Every structure is written in structure tokens, then in C-alpha cells.
Amino acid sequence: MFKGEIVSLIKGTSIVGYVAVIDLTYASNMVRARTFDAFFPLILVSIIFILLSRLSARALNVMERRVNSKM
């Protein structure tokens, strides 16, 4: 179906209108400026982004199975 396209859309645009890649990196830059820790905020942001992508892909897999089972 359109799983790859939806995951690409999530990666390329803001997620649910609240969390965007730019917002996450801006927040990590603010944390880095305050704590002088160079890598941990960026690693945390990348983990959050990967989790959001994987969770959305898993949800789409579940929805696809439900739709295919009804056909």
C-alpha cells in the first residue's frame, strides 16, 4: 500500500503539527547551549525521531493487515 510514502511524509514534515525535526533539533541546541554536552542531546533527538518513525510504520502495518483481512 502506501506505507513507505506515509513514513517519508512523516520524516519530511511535522508530526501531528506539533513535533517537527526542526523543533527537535532546536530544542537539542538549547540543551547543548545550557549544559555544554555536545552529543547526548543530538543522540536523544535521533532516538526520538527513529522511535516515531518505527511506531508509525508498525501502526501502518497493523492497519494494512486489518484492511487486507476484511477483503
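The values are calculated or read from the model by the stated rules, or taken from the named source; none is laboratory data. Keep in mind that this is a model prediction, so the values were computed, not measured. No Cβ is skipped: glycine too gets one built from the backbone with ideal geometry, and neighbour counts run over all protein chains shown.
Checking each residue in the range 22-41 for being in contact with a Lys or Arg (Cβ under 8 Å, 6 or more places away or on another chain) and modelled with pLDDT under 80 picks out only Ala38.
Among the conditions (1) at pLDDT 80 or above; (2) on the phi < 0 side of the Ramachandran plot, the only one that Ser53 does not satisfy is (1).
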